1. Determine, yes or no, whether VAL139 is among the aliphatic types (A, V, I, L, M) and under 55 Å from the mean Cα position of the chain (by Cα).
2. Could you check LEU206 against (1) crowded, with 17+ Cβ neighbours inside 10 Å; (2) not in a helix (DSSP H, G or I) and say which number it fails?
3. Give the residues of segment 189-229 that are closer than 19 Å to LEU151 by Cβ and out of contact with any Phe, Trp or Tyr (no Cβ under 9 Å at 6 or more places or on another chain), sorted by residue number.
4. Taking the conditions exactly as written (under 22 Å from ALA118 (Cβ atoms), exposed (fewer than 14 other Cβ atoms within 10 Å of the Cβ) and either modelled with pLDDT of 95 or more or within 58 Å of the chain's Cα centre (by Cα) (or both)), does ASP217 satisfy them or not?
5. Go through segment 129-171 and report how many residues are crowded, with 21+ Cβ neighbours inside 10 Å, of a type in the set (Gly, Ala, Ser) and more than 11 Å from PHE221 (Cβ to Cβ).
6. Test ARG188 against the stated conditions and say whether it is among the basic types (Lys, Arg), closer than 19 Å to SER137 by Cβ and under 55 Å from the mean Cα position of the chain (by Cα).
7. Taking SER131, is it more than 45 Å from the chain's Cα centre (by Cα) and within 14 Å of VAL173 (Cβ to Cβ)?
8. If you take the residues in segment 154-181 that are in a loop (DSSP other than H, G, I, E, B) and not charged (D, E, K, R), which one is farthest from GLN203 (Cα to Cα)?
Amino acid sequence: MNRHFYALFLTGALTLSVLSGCGGQNGGGTPSLPPQSGTPAPVETVEPESTPVPTLPPAAVETPAGGSDVQGQNPPESIAPAPKPQPTKDPAPAPTPADGNSTPTPALPEEPAGVVQAVWDRIEAEVELPSFMDMDSEVLTALYGIDSGDLEDYIGKVPLMNVQATEIFIARVKEGRMDAVRAGVEQRQADLQAQWSSYLPEQLELVENYKLVTNGDYLLFAVSYEADQLVQIFNDCTN
């Protein structure tokens, strides 16, 4: 019996040894399949799973000073800055002449035509006179027989009312024409005397006491109660 048991033990041990040798050659016990003839089976490609990219939180919006800095709120609308006031330019100062380089402006000689106006301005300011009418070139020729072309300047005044004989004529005569102008004035005085001799004796007296004076190229004819004062003014302005 012991022999029979011992024989079984050896048989089992041998079987286990053979099986262990076969398992080592097959690499873990998985038998390899022989290659099959024909078209190889397509290999299924497995797409690698995409890894989701983590979403970053939105950055906080920087807002101007005084605004809200809470993340996620829309920034306030931009406000255009107020225009800066432009500085007012002071007017440039008037240039002043440099010391020692200023040239004095020579005084212009008085215009001769201004003397006639100056005589009349003083008469009008200092003497009480009736209302007058200006004597134009046509009236001058009709009453005095004088051509205005013989005069550099003149002012003639005749009364508005036909009950007054007051009359004033001031002139600057062109060179060489004084005699002709004087003759015209003398004829005017003769006509006035004839007119008033049969009309108003008081006005006739004014005509008879007329004044006719000359000073250089200037002439004055005055029929007035203040004829002497008019002559004085005339001489003051023409001397």
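1. Values: among the aliphatic types (A, V, I, L, M): yes; under 55 Å from the mean Cα position of the chain (by Cα): yes.
In short, yes.
2. Unmet condition: (2).
3. THR214, GLY216, ASP217
4. Numbers: under 22 Å from ALA118 (Cβ atoms): yes; exposed (fewer than 14 other Cβ atoms within 10 Å of the Cβ): no; either modelled with pLDDT of 95 or more or within 58 Å of the chain's Cα centre (by Cα) (or both): yes.
Here the answer is no, as ASP217 does not meet what is asked.
5. Counting residues in segment 129-171 that are crowded, with 21+ Cβ neighbours inside 10 Å, of a type in the set (Gly, Ala, Ser) and more than 11 Å from PHE221 (Cβ to Cβ) gives 1.
6. Values: among the basic types (Lys, Arg): yes; closer than 19 Å to SER137 by Cβ: yes; under 55 Å from the mean Cα position of the chain (by Cα): no.
No: the conditions fail for ARG188.
7. No: the conditions fail for SER131.
8. If we filter segment 154-181 for residues that are in a loop (DSSP other than H, G, I, E, B), which is where we start, we get 160-166, 174-177.
Checking which are not charged (D, E, K, R) leaves us with 160-166, 176.
On the way: LEU160: 15, MET161: 12, ASN162: 11, VAL163: 8, GLN164: 7, ALA165: 6, THR166: 8, GLY176: 34 Å.
Among those that are in a loop (DSSP other than H, G, I, E, B) and not charged (D, E, K, R), it is GLY176.
The values are calculated or read from the model by the stated rules, or taken from the named source; none is laboratory data. No experiment lies behind these values; they were computed from the predicted model shown. Here the Cβ is made from the backbone with ideal geometry for all residues, glycine too, and neighbour counts use every protein chain on show.
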